[in-house]
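Nothing in this text is a laboratory measurement; each read-out follows from the coordinates by a stated rule. All values derive from a computational prediction rather than experimental measurement. Neighbour counts run over all protein chains shown; Cβ positions are idealised from the backbone, glycine included.
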Amino acid sequence: MGHRARVVLVHWNQPARLAATVAAFAASEGVDVAITVVDNDSMPEAVAAARAVEGIDWVPSGGNLGFGPGANVGLHRFLDDADDGEYVVVAPHDALPAPDCLGRVLEELDARPDAGLACADYGDGATPIIDPYFGGIPGPLTVEEGWEPAGYPHGTLLVARRSCLQDIGVFDERYFSYCEEADLGGRARAAGWDVGLVRGALVRNPELHGALPAVAYLQLRNTLLLVREQSGRYHAFVRFQLAALQLGVGLVSPSRRDPYWHVAGKVRGMLDFARGRFGPPPPDLLVHR
């Protein structure tokens, strides 16, 4: 039996990657896809190139909203149209699903009426879990093929059931980017929905994009927010102390720094969490350096 899905792609200044992603989703085997591209205020030349991609519904977001808020523009349109099917897919402009990827995910969801959220398989042997102190982290795989319970669906290719989103809502826009899918998965599981990863449904995501200072800022600030929302203020306090300790260790021992090491980004992320400042990162951190 064929499947049907609305695909929401969040785009920002990468029309060539967007074209490849649209082609990959359009080639999904056994799935009738309708593709909405939400553009986060790309440069005019990028908009012109992206709008030339065939087979898309183009929706300007009105600003650089970030991944979660940008995706919400498409999710709200999906939820407002009761005739738009049961499933919606969310992905960035550079997700490349294998031809059988989306069909395999939808088959697993069809077989599980209590499953509200699912994601594809990176092929890295990791399972997304939510740790009470460290937030969204990779755990070991427990299933070699098919449905694997997970703490949350990663955002490279996330599929949501309409009734689940109607129950729990869409992405929390305080996150801007990073950790918003972990928050969504945690809310879904708290509401009684099953969440999983489909082993063998492969998707690729060529590389991490973004200015290092902003990535360091968002990852730490949002992890602290996620831990507080999912596990409580005590756990967030402990995680804050651990972040300060890790910062000190990294300053003394460069070999122990994480891949997203940027002192100013991390410090400002901690301070803004303490101040309750969420949403987009400070503009000066968006510069590559």
**Asked** What list of ³J(HN,Hα) values in whole Hz, one per residue of the stretch 189-201 in order, does the Karplus curve 6.51 cos²θ - 1.76 cosθ + 1.60 (θ = phi - 60°) give from phi, with Gly and Pro shown as x?
**Response** 5, 5, 8, x, 8, 7, 10, x, 10, 9, 5, x, 8
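Taking the Cα centre of the chain as origin, work out the dipole magnitude from +1 charges on Lys and Arg Cβ and -1 charges on Asp and Glu Cβ, in debye rounded to 20.
1440 debye
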**Complete:** Of 275, 187, 233, the most mobile residue in a GNM of the chain (C-alpha springs, cutoff 10 Å) is 275
**Asked** Which whole-angstrom value gives the distance between the alpha carbon centres of the stretch 226-254 and the stretch 113-152?
**Response** 23 Å
**Request:** With volume of the Cα convex hull per residue in Å³ defined as stated, name the option among [x] 223; [y] 127; [z] 164 computed from the structure displayed.
**Result:** [y]
**Fill in**
Everything considered on the Cα gyration tensor (a ≥ b ≥ c; rounded for a/c under 1.5, else prolate if a/b is larger than b/c, else oblate), the stretch 212-286 must be described as oblate
**Request:** May I ask you to order 46-58, 161-173 by the average number of other C-beta atoms within 10 Å around their residues, highest value first?
**Result:** 161-173, 46-58
**Message:** Give me, ordered by chain and number, the residues 5 or more places off residue 57 or on other chains with an amide H under 5 Å from its own placed amide H.
**Reply:** 35, 36, 37
**Request:** Please turn the phi angles of the stretch 241-253 into ³J(HN,Hα) values with the Karplus equation 6.51 cos²θ - 1.76 cosθ + 1.60 (θ = phi - 60°), one per residue in order, whole Hz, x for glycine and proline.
**Result:** 5, 5, 5, 5, 5, 4, 5, x, 5, x, 5, 7, 10
**Item:** In Hz, Karplus ³J(HN,Hα) per residue of the stretch 139-146 (6.51, -1.76, 1.60; θ = phi - 60°; x = Gly, Pro)
**Value:** x, x, 5, 10, 9, 7, 8, x
